[in-house]
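A quick write-up on the structure given underneath.
The values are calculated or read from the model by the stated rules, or taken from the named source; none is laboratory data. Not measured: the values here are computed from a predicted model. All Cβ positions, even for glycine, are placed from backbone atoms using ideal geometry, and neighbour counts span all protein chains on display.
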Amino acid sequence: MSAAVHRPFDPARRAFPVLRARRVGDTAAFYERLGFAPGHRHPAKGEPDFVTLRRHDTELAVSRDDRAADGASGTVDLFVFVEAVDSTVDALRAAGTPVVQEPEDTPWGERVAYVRDPAGNRVGLGQPAA
């Protein structure tokens, strides 16, 4: 087995699972008990809507389940950072990929869109907002 190659951090190479939960704080606390350290939290006070967690080289996020009304709680999304969200969404749409949410700037400073992979999984695409 070869040694890991360490490269400078490039946000366009970042990808992590996003766990969907009705109670983000409780779910994040569960992963903290497994050794994950909390990172970004939004909002900073009160019950969070979004929390990032890291354990060594592993990153995950917990996000408020905005699909509770259709009973689809407890699902996992994959979030992938790309160079340019808008052009990536355009290319995926042209290839027949369903777009769940058009690109938009978020309050936490990223441009984000959501698509579905061929198996129906929701995939978030992001980049730092301009």
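The conditions of being out of contact with any helix residue (DSSP H, G or I) (no Cβ under 8 Å at 6 or more places or on another chain) and charged (D, E, K, R) are met by ARG54.
Pairing each residue of region 58-78 that is among the acidic types (Asp, Glu) with any residue that is surrounded by fewer than 16 Cβ atoms within 10 Å (Cβ to Cβ) and at pLDDT below 80, provided the two are 6+ apart or on different chains, yields C-beta distances under 9 Å for ASP65/ALA72; ASP65/SER73; ASP65/GLY74; ASP65/THR75; ASP77/ASN121. Taken residue by residue, region 90-97 has at least one member that is touching a Ser or Thr at 6+ places or on another chain (Cβ under 9 Å) and free of Cβ contacts under 8 Å to residues at least 12 places away in the same chain.
Residue by residue, here is whether (1) under 23 Å from THR27 (Cα atoms); (2) modelled with pLDDT under 90; (3) hydroxyl-bearing (Ser, Thr, Tyr) holds:
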{"residue": "THR58", "(1), (2), (3)": "yes, yes, yes"}
{"residue": "VAL100", "(1), (2), (3)": "no, no, no"}
{"residue": "GLU110", "(1), (2), (3)": "no, no, no"}
{"residue": "ALA129", "(1), (2), (3)": "no, yes, no"}
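Here are PRO38, PRO103, PRO107, PRO118: which of them is part of a strand (DSSP E or B), surrounded by fewer than 18 Cβ atoms within 10 Å (Cβ to Cβ) and not charged (D, E, K, R)? Every option except PRO38 fails the conditions. Close Cβ contacts (under 9 Å, 6 or more residues apart or on different chains) running from residues in region 102-130 that are hydroxyl-bearing (Ser, Thr, Tyr) to residues that are in a loop (DSSP other than H, G, I, E, B) comprise THR106/ALA129. The numbered conditions (1) of a type in the set (A, V, I, L, M); (2) in the same structural domain as PHE16 (by TED's automatic domain parsing); (3) closer than 17 Å to ARG13 by Cα are all true for ALA44 except (3).
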